[in-house]
Amino acid sequence: MPRAYRPGASFTYRVTDLDTPEDWAGVARKHGLDPSRLIRFNFETDNPDEVNWYLRHYVGCDVATDDRQNWMFSSSANWRQWPACAG
């Protein structure tokens, strides 16, 4: 997937970690979607290793989960705009 990839029928969504860090489930819930559908929509894969690679290298996530197995959304990411599925 090219770095400039943006899914069709998407809109920009700014994730936050100010009060409560957002995760896939929370963003999906806000938009009435299944988290796995949202992940696949954004990255054209549901492979956790690939998704984490995109989060680290394309999105700029630099905060790991407590178990250090995944990257989390955070305001420290270089790219804080997130394309989310419109429906």
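The values are calculated or read from the model by the stated rules, or taken from the named source; none is laboratory data. Model, not experiment: these values are computed from the prediction. Here the Cβ positions follow ideal geometry from the backbone for every residue, glycine too, while neighbour counts run over all protein chains shown.
Could you check how many residues of segment 22-55 are closer than 19 Å to Arg6 by Cβ and basic (Lys, Arg)?
Of segment 22-55, the ones closer than 19 Å to Arg6 by Cβ are 24, 27-28, 31, 33, 37-46, 50-51, 53-55.
Remaining after also requiring basic (Lys, Arg): 37, 40.
Number of matching residues: 2.
Matching residues to (1) of a type outside the set (A, V, I, L, M, F, W, C); (2) in a helix (DSSP H, G or I); (3) at pLDDT below 85:
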residue	(1), (2), (3)
Ala25	no, yes, no
Ala28	no, yes, yes
Arg37	yes, yes, no
Arg40	yes, yes, no
Thr45	yes, no, no
Trp53	no, yes, no
Arg56	yes, yes, no
Sort out which residues of segment 41-72 are surrounded by 16 or more Cβ atoms within 10 Å (Cβ to Cβ) and not polar (S, T, N, Q), and write them in order of number.
Phe41, Phe43, Val51, Tyr54, Leu55, Tyr58, Val59, Cys61, Trp71, Met72
Condition check for Thr16: modelled with pLDDT of 85 or more, outside any helix (DSSP H, G or I) and surrounded by 13 or more Cβ atoms within 10 Å (Cβ to Cβ):
no
